[in-house]
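Trainee: Below you'll find the structure I mean.
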Amino acid sequence: MSKFTRYTVQAILYGLFALVVGYFSTSPHYRLLGDNEGLLRLSLQHPGKLLVECRQRSAEELAKLPPNMRTAADCPRERSPVAVRVELNGKPIIDDSYAPAGLSKDGASAAYRRMAIPAGQHQLQVRINDDKKIQGYTHNREFALNVTPGQIVLIDFQPELGGIVIR
């Protein structure tokens, strides 16, 4: 095969490939949300409270331990799961518990959920329990939302900003 024929065939194949990529970059048309919908996202990463508080070891307990393990306090690392309940206009749309990360269950609980909601006025109630020893919820906030079509509403938990945050 001559160089001219080889380069011509190669140029035609590159052109066809560019046409296919160009077509699929704009078609078929994909829409994330409907015409009259917004998106509600729950995205949080929060370590629950410790399941067991630290306790002081007695002198007899310390004497029984090897020298390299003699610490005055015994502090288990396991944390509480984080329970989340989200209600939209009085109806629960999220009611889950998220386990702590890590082999020792000592990391932060991570939650990510997303769902389409109709545009318009809504009452949103978010409740979070990060302490398994307490019945009910430790954090509770209510919000009045006016969701516009295409709007993304984010639910987050940031203790330094007062707890439950809506953006």
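Trainee: Pull up the cross-link candidates among the lysines for K49, meaning alpha carbon to alpha carbon under 16 Å and not fewer than 8 places away within one chain.
Mentor: Here the lysines satisfying the reach criterion relative to K49 are K105, K132, K133.
Trainee: Related question: Tally Lys and Arg at +1 and Asp and Glu at -1 over the other residues with C-beta under 13 Å from the C-beta of Q123: what net charge comes out? Don't jump to the answer; show the numbers that get you there.
Mentor: On the way: positive: K91, R141; negative: E87, E142.
Summing Lys and Arg as +1 and Asp and Glu as -1 gives 0.
Trainee: Would you work out the charge dipole size for the chain about its Cα centre, treating the Cβ of every Lys and Arg as +1 and the Cβ of every Asp and Glu as -1, and quote it to the nearest 20 debye?
Mentor: Numbers: 21 positive and 16 negative charges, 105 e Å.
Using Cβ point charges on Lys, Arg, Asp and Glu, the chain gives about 500 debye.
Trainee: When the chain is modelled as a GNM with alpha-carbon springs shorter than 10 Å, which of V153, V86, V52 fluctuates the most?
Mentor: Among V153, V86, V52, the largest GNM mean-square fluctuation belongs to V52.
Trainee: Next up: Of the chymotrypsin sites (Phe, Trp or Tyr not before Pro) in region 1-50, which ones lie in a loop per DSSP and count no more than 15 other C-beta atoms within 10 Å?
Mentor: Numbers: sites: F4, Y7, Y14, F17, Y23, F24, Y30; in loops: Y30.
Answer in residue order: Y30.
Trainee: Extending each Cα 7 Å along its Cβ direction at F4 and E87, get the distance between those two points in nm, one decimal.
Mentor: Distance between the two pseudo-spin positions: 8.1 nm.
Trainee: Quick check: net charge around K133, other residues with Cβ under 13 Å of its Cβ, Lys/Arg +1 and Asp/Glu -1? Provide the component values of the computation, followed by the final result.
Mentor: On the way: positive: K49, R79, K132; negative: E53, E78, D130, D131.
Taking every Cβ under 13 Å from that of K133, the sum is -1.
Trainee: Over the chain, one equal point on each Cα, no solvent: what is log10 I(q)/I(0) by the Debye formula at q = 0.12, 0.16 Å⁻¹?
Mentor: -0.72, -0.97
Trainee: If you take the charge dipole of the chain about its Cα centre, with +1 on Lys and Arg Cβ and -1 on Asp and Glu Cβ, which of G48, Y112, T8 is farthest toward its positive end?
Mentor: T8
Trainee: Based only on other Cβ atoms within 10 Å, what is the fewest-to-most ordering of D96, D131? Could you put the intermediate results ahead of the total?
Mentor: Details: D96 13, D131 17.
By the 10 Å Cβ count, ascending, the order reads D96, D131.
Trainee: Restrict the search to region 13-70; then list the trypsin sites (Lys or Arg not before Pro) that DSSP places in a loop and that have at most 10 other Cβ atoms within 10 Å of their Cβ. Intermediate values should be presented prior to the final figure.
Mentor: On the way: sites: R31, R41, K49, R55, R57, K64, R70; in loops: R31, K49, R57, R70.
Here the sparse-neighbourhood loop sites are R31.
Trainee: How high is the FRET efficiency between D35 and D95 when r is their beta carbon distance and R₀ equals 41 Å, given to the nearest 0.05?
Mentor: Details: r = 29 Å, r/R0 = 0.70.
Working from the Cβ atoms, E equals 0.90.
Trainee: Just report the Cα centroid separation between region 64-124 and region 31-61, whole Å.
Mentor: Region 64-124 and region 31-61 have Cα centres separated by 3 Å.
Trainee: Would you calculate the separation in nanometres between label points at A144 and R77, each defined as 7 Å from the Cα along the Cα-to-beta-carbon direction?
Mentor: It works out to 4.7 nm between the two label points.
Trainee: Could I ask something else about it? Between Q121 and E60, what is the label-to-label distance in nm when each label sits 7 Å out along the Cα-to-Cβ direction?
Mentor: So the label points at Q121 and E60 sit 6.8 nm apart.
Each reported figure results from applying straightforward, stated rules to the coordinates on display, with no laboratory input. Because the structure is predicted, anything quoted here is derived from the model rather than measured. Note that each Cβ is placed from the backbone with ideal geometry, even for glycine, and that neighbours are counted across all protein chains shown.
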